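K.L.:
Have a look at the structure that comes next, please.
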Amino acid sequence: MELEELLHHIVSDDHRHACFLNTLSLQENIGARKISANEQPETSTYMVLKHAAEEHRHAFYLKKQIAKLSTSACPTYEPDYLLAPYSSKYYLNKLDLMTSRYLKETLQLAGSALKFAAYLLVTYAIEVRADLIYPVYQEVLNKNKSKVSVRSIILEEQGHLEEMIAQLSNFSPAWEIHAEKITHFESELYQNWINDLAKTI
Ligand SMILES: [Fe+2]
Ligand SMILES: [Fe+2]
């Protein structure tokens with residue numbers, strides 16, 4: 001199923017839409033925690049702190065949007081309040097594992113260097129995906145005259161992609177070769193996630 005069609009099915013049902021917002025909120029929260037978990041004295045720059053703060057805000061903002069729908073709230077991230085709970089979490093964790101394995105094998109990285117490189121590449125791939133998903137989602141929201149809006153997130157996600165590219169260029173002049181590999185892994189996991197979301201309709 002195409003993303004737009006899938007989102008249309010989700011947005012047209014308030015209960016399903018609430019669970020979807022909660023699922024995106026969970027993923028933003030996982031992303032935010034990933035950034036915070038990788039903070040080191042020598043890498044906690046203004047840029048990194050801003051990025052972590054914004055991802056935490058996205059998680060909160062998406063959760064807050066649920067109140068605009070006429071349905072009961074999704075108080076927590078427990079499976080009952082999520083869409084495709086397993087693959088929604090697995091998607092990010094598995095990408096982390098695949099990226100770490102790739103970096104170990106191709107760059108022989110280990111320890112904190114491996115953790116940091118994996119964080120840069122995984123976050124980059126997620127930002128590329130966010131820049132694709134949120135604008136399509138906003139368009140579907142407009143078409144359905146939904147009270148929900150993700151406009152404020154779209155602007156910040158574009159900034160994040162630029163920030164990750166700046167950090168990756170610092171990390172390696174060959175970053176694009178690695179990034180291409182990781183976005184390839186990500187595409188596969190993303191497709192699994194979309195297929196699982198489609199099954200909930
Ligand atoms: Fe975000
Ligand atoms: Fe982001």
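The values are calculated or read from the model by the stated rules, or taken from the named source; none is laboratory data. Not measured: the values here are computed from a predicted model. No Cβ is skipped: glycine too gets one built from the backbone with ideal geometry, and neighbour counts run over all protein chains shown. The protein model used for the area step is the full one, side chains on, heavy atoms only, and it has no ligands, DNA or RNA in it. Shrake-Rupley method; radii C 1.70, N 1.55, O 1.52, S 1.80 Å.
K.L.:
Going by the conditions given, is residue 42 under 19 Å from residue 163 (Cβ atoms), more than 16 Å from ligand 2 (Cβ to nearest atom) and free of Cβ contacts under 8 Å to residues at least 40 places away in the same chain? Walk me through how you get there before you give the answer.
P.N.:
Numbers: under 19 Å from residue 163 (Cβ atoms): yes; more than 16 Å from ligand 2 (Cβ to nearest atom): yes; free of Cβ contacts under 8 Å to residues at least 40 places away in the same chain: yes.
Yes: the conditions hold for residue 42.
K.L.:
Let me ask something else about it. Do we have any residue at all in region 127-137 that's loosely packed, with under 14 Cβ neighbours inside 10 Å and under 27 Å from residue 171 (Cα atoms)? Walk me through it before giving the result.
P.N.:
The initial filter retains those residues of region 127-137 that are loosely packed, with under 14 Cβ neighbours inside 10 Å, namely 132.
Narrowing further to those that are under 27 Å from residue 171 (Cα atoms): 132.
So far as region 127-137 goes, yes, one or more of its residues are loosely packed, with under 14 Cβ neighbours inside 10 Å and under 27 Å from residue 171 (Cα atoms).
K.L.:
Also, quick follow-up: Report yes if residue 28 is open to solvent by 30 Å² or more (accessible area, probe 1.4 Å) and either away from ligand 2 (no atom under 16 Å from the Cβ) or in a helix (DSSP H, G or I) (or both), otherwise no.
P.N.:
Working: open to solvent by 30 Å² or more (accessible area, probe 1.4 Å): no; either away from ligand 2 (no atom under 16 Å from the Cβ) or in a helix (DSSP H, G or I) (or both): yes.
When the stated conditions are applied, residue 28 does not pass them.
K.L.:
While we're on this one: Do you know which residues across region 4-25 are away from ligand 2 (no atom under 14 Å from the Cβ) and in contact with a His (Cβ under 8 Å, 6 or more places away or on another chain)?
P.N.:
Within region 4-25, the first condition is being away from ligand 2 (no atom under 14 Å from the Cβ), and the residues that meet it are 4-23.
Within region 4-25, 10, 11, 16 meet the criteria.
K.L.:
OK, next. Residues that are charged (D, E, K, R) and in contact with a helix residue (DSSP H, G or I) (Cβ under 6 Å, 6 or more places away or on another chain): does region 63-78 have at least one? It would help to see each step written out before you state the result.
P.N.:
Residues of region 63-78 that are charged (D, E, K, R), as a first pass: 63-64, 68, 78.
Within this subset, residues satisfying the condition of being in contact with a helix residue (DSSP H, G or I) (Cβ under 6 Å, 6 or more places away or on another chain) are 63.
Yes, region 63-78 contains a residue that is charged (D, E, K, R) and in contact with a helix residue (DSSP H, G or I) (Cβ under 6 Å, 6 or more places away or on another chain).
K.L.:
Scanning region 3-25 for residues that are in a helix (DSSP H, G or I) and of a type in the set (Gly, Ala, Ser), which turns out nearest to residue 191 (Cα to Cα)? Full working, then the answer.
P.N.:
Pass one, region 3-25, residues in a helix (DSSP H, G or I): 3-11, 14-25.
Then drop every residue that is not of a type in the set (Gly, Ala, Ser), which leaves 18, 25.
Details: 18: 22, 25: 19 Å.
Here the answer is 25.
K.L.:
Starting from residues that are more than 14 Å from ligand 1 (Cβ to nearest atom) and small (Gly, Ala, Ser), keep the ones in region 43-77 and report whichever is least open to solvent (accessible area, probe 1.4 Å).
P.N.:
Across region 43-77, the extreme among qualifying residues is 44.
K.L.:
Would you confirm, using the coordinates I've provided, whether residue 102 is over 18 Å from the mean Cα position of the chain (by Cα), under 17 Å from residue 184 (Cα atoms) and open to solvent by less than 40 Å² (accessible area, probe 1.4 Å)? Write out each step before concluding.
P.N.:
Values: over 18 Å from the mean Cα position of the chain (by Cα): yes; under 17 Å from residue 184 (Cα atoms): yes; open to solvent by less than 40 Å² (accessible area, probe 1.4 Å): yes.
It is true that residue 102 is over 18 Å from the mean Cα position of the chain (by Cα), under 17 Å from residue 184 (Cα atoms) and open to solvent by less than 40 Å² (accessible area, probe 1.4 Å).
K.L.:
Considering only region 60-71, I want to know if a residue exists there that is closer than 29 Å to residue 111 by Cα and either at pLDDT 95 or above or of a type in the set (Lys, Arg) (or both). Explain how you work it out, then say what you get.
P.N.:
We begin by selecting, within region 60-71, every residue closer than 29 Å to residue 111 by Cα; these are none.
So far as region 60-71 goes, no, none of its residues is closer than 29 Å to residue 111 by Cα and either at pLDDT 95 or above or of a type in the set (Lys, Arg) (or both).
K.L.:
What about residue 89, is it modelled with pLDDT under 95 and either more than 18 Å from the chain's Cα centre (by Cα) or assigned to a helix (DSSP H, G or I) (or both)?
P.N.:
Numbers: modelled with pLDDT under 95: yes; either more than 18 Å from the chain's Cα centre (by Cα) or assigned to a helix (DSSP H, G or I) (or both): yes.
When the stated conditions are applied, residue 89 passes them.
K.L.:
Given the condition within 17 Å of residue 137 (Cβ to Cβ) and assigned to a helix (DSSP H, G or I), answer yes or no: does some residue in region 38-52 qualify?
P.N.:
no
K.L.:
Please pick out the residue among 112, 152, 169 that is surrounded by fewer than 16 Cβ atoms within 10 Å (Cβ to Cβ), in contact (Cβ under 8 Å) with a residue 40 or more places away in the chain and touching a Phe, Trp or Tyr at 6+ places or on another chain (Cβ under 9 Å).
P.N.:
152
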